[in-house]
1. With L164, L156, L133 as the choices, which residue is touching a Cys at 6+ places or on another chain (Cβ under 7 Å) and within 21 Å of C109 (Cβ to Cβ)?
2. Which of the following residues is without any contact (Cβ under 8 Å) to a residue 40 or more places away in the chain, buried (at least 19 other Cβ atoms within 10 Å of the Cβ) and within 17 Å of E190 (Cβ to Cβ): V94, V159, V107?
3. Does Q121 fit the bill of being modelled with pLDDT of 90 or more, surrounded by fewer than 22 Cβ atoms within 10 Å (Cβ to Cβ) and not in a strand (DSSP E or B)?
4. Test Q168 against the criterion of being crowded, with 22+ Cβ neighbours inside 10 Å and out of contact with any Phe, Trp or Tyr (no Cβ under 8 Å at 6 or more places or on another chain), and give yes or no.
5. With respect to E150, determine if the residue is in a helix (DSSP H, G or I) and not basic (K, R).
Amino acid sequence: MKLTPPLLTVLTLFVAGCSRPAAKTPDLGEIKNGTYHNRFFGMTVSLPPEWSVLDNSSMKQLVDLGAKSVAGKNESLKAKLDTAAKQYVTLVTVSKYPMGAAANATVTCVAEPVSQVPSIQTAADYSFRVKELVQKSAIKCTIRRDITSEWIGGKLFGVMGIDLINSQNTTIHQTHHVALIKGYALTVLESSENDGDADACGEVIESIKWDK
């Protein structure tokens, strides 16, 4: 099965490092009638009916593969990623095509506790830390879109775009959206290989709404 490492998802594991978890842990959310809802964050996302929801096993495969790609031969970095992963919460991942397709598009929502990290006070602070890690990673990549701010459904997100070259020498376009909510960095990551799939991911992002 061809699995594209979710580079930005893996790098967010290491942004807050081994910080203490927040006082409250997010629920994983639920999917009903094509809609994902998370009570902790008050977030609702409309999922395209033809897209697939990844199970925990598939997502773990992706993250493990991504961690190996990011760390390369750096055993110290790999150990730190393994430790940080214990505080990392994967909420939901959806893909346009079945995993293993020659080209695919995915949207992943994850959360990491950051309330105990003094240097992270805004979404842009978190995005800057991810950018630093991208530039130090073992994966060939470039910053396609530097850090900006963007409103999504009425909440302010830090946004950054990165292009990476995977092991099949394919360019993967990833866009990292992050907001600080209830002591967590809530990240919504879109990943695609062509403009059409990027537009499809964008529609998922645009569907995000927040409880009032």
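The values are calculated or read from the model by the stated rules, or taken from the named source; none is laboratory data. This is a predicted model, so every value here is computed, not measured. Glycine also receives a Cβ, built like all others from the backbone with ideal geometry; neighbour counts cover every protein chain displayed.
1. Working: L156 fails: touching a Cys at 6+ places or on another chain (Cβ under 7 Å); L133 fails: touching a Cys at 6+ places or on another chain (Cβ under 7 Å).
The conditions single out L164.
2. Details: V94 fails: without any contact (Cβ under 8 Å) to a residue 40 or more places away in the chain; V107 fails: without any contact (Cβ under 8 Å) to a residue 40 or more places away in the chain.
That would be V159, the only listed residue that is without any contact (Cβ under 8 Å) to a residue 40 or more places away in the chain, buried (at least 19 other Cβ atoms within 10 Å of the Cβ) and within 17 Å of E190 (Cβ to Cβ).
3. On the way: modelled with pLDDT of 90 or more: yes; surrounded by fewer than 22 Cβ atoms within 10 Å (Cβ to Cβ): yes; not in a strand (DSSP E or B): yes.
So Q121 fits the description; yes.
4. Numbers: crowded, with 22+ Cβ neighbours inside 10 Å: no; out of contact with any Phe, Trp or Tyr (no Cβ under 8 Å at 6 or more places or on another chain): yes.
Here the answer is no, as Q168 does not meet what is asked.
5. Values: in a helix (DSSP H, G or I): no; not basic (K, R): yes.
When the stated conditions are applied, E150 does not pass them.
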